[in-house]
Structures are given as C-alpha cells and as structure tokens.
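Scroll down for the structure; my scribbles are underneath it.
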C-alpha cells in the first residue's frame, strides 16, 4: 500500500463531510420532515448546527464571523435586544406563571445561543453544492405538501396541523431559496419554485400561509423596484405597528363590533386596556398571553399574535425595545450584495405578517425556523463569489484562477 500523500488533509476532509451533512439536515431534510413530524425542525436544527460547529473547529474556515457578530452585538439593535432580554427576565417577578415563564425564558436564551453558534460556524466562503440543497429541499417539500393536501388529509387531525406548520416553514424558506437561484442566474427555476410554494399555500388547511406569502411577495416586488424605499418602508411599518398597537382596538374596534357583535377580539383587547391601563407600562409578565386564557385571567376570544402578546406580556418597555430591534434588523440587513436585498426583506415581511396574524410566536419550532432562515441568508451571502481567468498575453505567463467578490 502506498503511503498517504503529504498534502492529504484528513481533518479538512472530515470537516467537509460534517458540513455537508449539517447543511443537508438544515436545508434538505428539514423542510420535508416538518410536513410529517411536529418537532422535526426543533430536533434537526440544533443537530445540524452542532455538526457545523464541529466542522468549523476541524478546519478553521470561519475566521471573520466573530468580528461581525461582535459588531452586531455592539450596534443599536444589539443593545436594544439585550435590554429586551433583561426586561423579559425581570417580568418573571410579576408573572403569575413563574415555572412556565422561566422555562420559556431559558428556551429563548437557548435559541439565541444556537443562532450565535450557527453564525460563528458558517464558513467564510460557501460551496454552491451545499446551497443548492436548499432549493431542492424546498421544491420537494412544496410538491409533497401539495400531494398531501390533494389526498384529503383531515385538517382537524394532527396530520393537518403538521401540514399547516410545514407550509408555514416553506413560506419562510422559499425566499432564501429563490434568492439563491436568482443570484446564480436561474430565474426560471426561481419562478417555478415560487409557484410551487404558492400552490402549496393555496392548498394549505388554513389561509395563514397564503397571507404571509402574499405579503412577502408584495414587499419583494416593492424592494426589487426600489431597494432603498422598500427597506425603509418595511422597517418603518414593522416598528410603527408595534409602537401603535394599543390604538388598533380603539380605531377598528367599533367597526368590528358593528359587523360581528360585541365579543370580537378587538373589543376584548380594548376592554383589557381600559380596565388595566397601568399594565400598558409593565405588562402582565412572560407567558400570560397564552396561559392566562386557560386560567381565566384573559378572555378566550382575546387576540392572538405578536402585536397583542408583546404589549400584554411586556408592556411599553418591551414593545419599544422590540420596535428598535425590528427597525435596526431590517435597516441593517442591507449588505454589499443588492441582489440579495429583496429576498431578505421579503423574509422579514412574511415572518412579521405570520406573527401578527396569529401564529404562536412563543413556540420552539417558530424560533428555530427564524434561526434557520437567518442562517440560510448568511450562508447565501457567503456563497456570492466567482472565479475568473485573467486574459492570456504573450508577454507574461497566465496567472492562476483568482477569487473575486
């Protein structure tokens, strides 16, 4: 047997295998598995990130992520996020559901740690073969979702709930998948992928995925036409709605009451504000928006969604810091790659719309999905490099391929 070559790199090869497996779980298996298992994304996400961390430790290809992450943490959005987390922890003092709220807080901290670990583990340059798995995985998941829906799954069953949750994940993941294909000049494939996800959303057991997709598509088109305006518009609307949310039941409540009667969710929200105005400052504490309905502290017909929950649980301090985080995140997402901006902003819009329209934003699978979507775009941004061959001349030797950004 011949000896190993001196240039063999076992650690690099092992890192490549681990990284390929991690991206396969994150980009390819995750979207499909979410249609059949309730906690698929919650399990696959951390496992994939652990594999990416191990790969980064083996080959050390993530050299600049630490500097970028430190800059993000020191920014206005990072400072506001720290204040929001601190205020959330402080709300445990007055929440009536201390054990459940403590568990939720630790879950949130765990998700933030997982996001930071995944960000630090991504290589400085991504291979295209790893990123194409994202588009293939989303396409297969969209086809599978449509097939399941057409077979007539009982929407009230667990399978129906899995289908709805899986399509919601597709609505989030379709934008990075489309953005990657568009960045590689595969516009026809990107269009077909978007149509496949739209069809799955139409066939979904609820209208929520289609609504989130439609809002994201509108923002995508708006940002593609005018990137600067689209970013500012999206950031302002998202932050403004959070700050002005208590005015919504007073502005729209009477109209809803005339149309649907006095027991509408907006009327209940209005009553909550009038009966406990002091709680607009402190909130009722973490985990009260959901568990308060079962304990009789909140009417079962109260609104669901991010806008009500952030004010009901954390008050004006939580709402104000959330608005700053949202505005800074959207405005700061504009990178040196204008080609990626419409997809990034569309993802923000879809996620925000789904949160406001009633999705359970405190659930672990939703937090995990947001982390995965964020990692997808970071990976895509690091995959935007080409190689070109300098022109040959008769006076000098041809230089090797050089990477260009």
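Candidates in the range 283-298 are the residues that are at pLDDT 90 or above and on the phi < 0 side of the Ramachandran plot; of these, the one that is nearest to the chain's Cα centre (by Cα) is 286. For the range 203-224, a residue qualifies if it is without any contact (Cβ under 8 Å) to a residue 40 or more places away in the chain and in contact with a helix residue (DSSP H, G or I) (Cβ under 6 Å, 6 or more places away or on another chain), and the qualifying residues are 210, 222. Among the residues of the range 195-246, those that are within 25 Å of residue 328 (Cβ to Cβ) and assigned to a loop (DSSP other than H, G, I, E, B) comprise 226, 244.
Would you confirm whether any residue within the range 151-163 is in contact with a helix residue (DSSP H, G or I) (Cβ under 7 Å, 6 or more places away or on another chain), under 29 Å from residue 292 (Cα atoms) and modelled with pLDDT of 85 or more? Taking every residue of the range 151-163 in turn, at least one turns out to be in contact with a helix residue (DSSP H, G or I) (Cβ under 7 Å, 6 or more places away or on another chain), under 29 Å from residue 292 (Cα atoms) and modelled with pLDDT of 85 or more. If you take the residues of the range 299-347 that are under 22 Å from residue 265 (Cβ atoms) and surrounded by fewer than 18 Cβ atoms within 10 Å (Cβ to Cβ), which of them is modelled with the highest pLDDT? Among them, the one singled out is 316.
Residue 90 meets all of the listed conditions (1) modelled with pLDDT under 90; (2) farther than 20 Å from residue 371 by Cβ but one, namely (1).
Check whether at least one residue in the range 15-24 is at pLDDT below 90 and either touching a strand residue (DSSP E or B) at 6+ places or on another chain (Cβ under 9 Å) or assigned to a loop (DSSP other than H, G, I, E, B) (or both), and report yes or no. No; the residues of the range 15-24 include none that is at pLDDT below 90 and either touching a strand residue (DSSP E or B) at 6+ places or on another chain (Cβ under 9 Å) or assigned to a loop (DSSP other than H, G, I, E, B) (or both).
The values are calculated or read from the model by the stated rules, or taken from the named source; none is laboratory data. A quick note: this is a predicted structure, and the numbers were derived from the prediction, not measured. Don't worry about glycine lacking a Cβ; one is built from the backbone with ideal geometry, like all the others, and counts go over all protein chains shown.
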